[in-house]
Amino acid sequence: MTENPGVKLVPFRRETQLTRYLALPKELLKLDLSPTAMVVYALLLDRANLSQKSGWTDGKGRVYVHFTYESIAMYMGFSEATARRAMKELERKELIYKVPTGYMKPYQIYLRIPTGSVDNLVENICAESA
């Protein structure tokens, strides 16, 4: 049996409530992204959700996050170089873009959401309210 330090594992049951998980839009699977970039995107999306709730928006109403390469690396358990590569990959695919905020300050990171994700969300909300 393998050990999972600091993580308690329990069976997934019918009554199990998922509370702490990362959302990964299915549309990302259609893009040519590395698994690392997909997980970093899911982490950024989770952070964007928190930013949205905290009111972190610019003058145009766009939600942004502050997340350094060092923080991503520490959170994910890999090197800063790996975090940089994943972020560059997300930038090349135009899933994120960064805006500088000043010398020695973190970038504002803006996410772009695959349109299918928004369409599916709207369809699900409409179906639930019907």
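The values are calculated or read from the model by the stated rules, or taken from the named source; none is laboratory data. As the structure is a computational prediction, the values presented were derived from the model and not from experiment. Cβ placement follows ideal geometry from the backbone for every residue including glycine, while neighbour counts extend to all protein chains displayed.
Please verify whether L9 is assigned to a loop (DSSP other than H, G, I, E, B), modelled with pLDDT under 95, more than 15 Å from the chain's Cα centre (by Cα) and surrounded by fewer than 16 Cβ atoms within 10 Å (Cβ to Cβ), treating the condition exactly as stated. Judged against the criteria, L9 is a match. On the basis of being β-branched (V, I, T) and buried (at least 17 other Cβ atoms within 10 Å of the Cβ), does V65 make the cut? Taking the combined requirement at face value, the residue satisfies it.
Is it true that I96 is at pLDDT 95 or above and β-branched (V, I, T)?
yes
Among the residues making up the stretch 71-100, a single one is assigned to a loop (DSSP other than H, G, I, E, B), without any contact (Cβ under 8 Å) to a residue 24 or more places away in the chain and in contact with a strand residue (DSSP E or B) (Cβ under 9 Å, 6 or more places away or on another chain): P100.
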